[in-house]
1. Would you look at the GNM of the chain, springs on alpha carbons closer than 10 Å, and say which of GLY45, GLY16, GLY31 moves the most?
2. Report the trypsin sites (Lys or Arg not before Pro) located in region 1-89 that are in a DSSP loop and have at most 12 other Cβ atoms inside 10 Å of their Cβ, or state none.
3. Please give the contour-minus-distance gain from SER17 to ARG120: 0.36 nm per residue of separation, less the Cα-Cα distance, rounded to one decimal in nm.
4. If the chain between SER33 and HIS8 were fully stretched, how many nm would it gain, using 0.36 nm times the residue separation less the Cα-Cα distance?
5. Taking a spot 7 Å from the Cα of GLN59 along the direction of its beta carbon, which residues of region 75-101 have an amide N less than 19 Å from it?
6. How far is the Cα center of region 88-117 from the Cα center of region 13-31, in Å?
7. Å³ per residue of the Cα convex hull, for the chain?
8. State the antiparallel share, in %, of DSSP beta bridges confined to the chain, rounding to the nearest 5.
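The values are calculated or read from the model by the stated rules, or taken from the named source; none is laboratory data. The structure displayed is predicted, hence computed values, not measured ones. Note that we place each Cβ from the backbone using ideal geometry, even for glycine, and neighbour counts take in every protein chain shown. In case anyone asks, the SASA skips ligands and DNA or RNA and just uses the protein heavy atoms, side chains included. Shrake-Rupley method; radii C 1.70, N 1.55, O 1.52, S 1.80 Å.
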Amino acid sequence: MIPFADLHLHTNHSDGSDTPSRVVERAAAIGLSAIAITDHDAVTGIEEARTRASALGLQFLSGVELSASYGRVEVHIVGLGIDSDRAPLRAALERLREGRSTRTDLILEQLKCCGIELSREEVEMQLADGERWGASMSRAR
């Protein structure tokens, strides 16, 4: 049997819908031999996924997907084999998440100016359990 890997998987720590453990279980169920969790601007699901992958005998690689802009073009950079415990990386990712939250507030203000009254709480009620700000927005594109 030829081994297959998926090195670009997302969990509910960014724009996926499954927990890190469930992503790993689904990967094992379809016969993948190796995976990488590469959540958008987040490394918070890596340890859970690594632990589950080890229990299931699946090779695991830590990763992250960073959003960046080049002029008017948005690019996504996937980093594999990262040290997810590095404080500078975690601090940078936190700044990115804070920026996304601020951007959400700006969008809600713009909607208000257009006559659409929508509170942050109303939007949060629409998020699935464990889903984070920006996850449903990126899925809606």
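1. Its mean-square fluctuation being the largest, the pick is GLY31.
2. Here the trypsin sites (Lys or Arg not before Pro) that fit, given the DSSP loop and packing criteria, are ARG72, ARG86.
3. Additional length available on full extension: 35.0 nm.
4. Stretched fully, the SER33-HIS8 segment lengthens by 7.6 nm.
5. In region 75-101, the label zone of GLN59 (backbone N under 19 Å from the point 7 Å along Cα→Cβ) covers 79-83.
6. Taking the Cα centre of each part, region 88-117 and region 13-31 sit 27 Å apart.
7. About 129 Å³ per residue, rounded to a whole number.
8. 50
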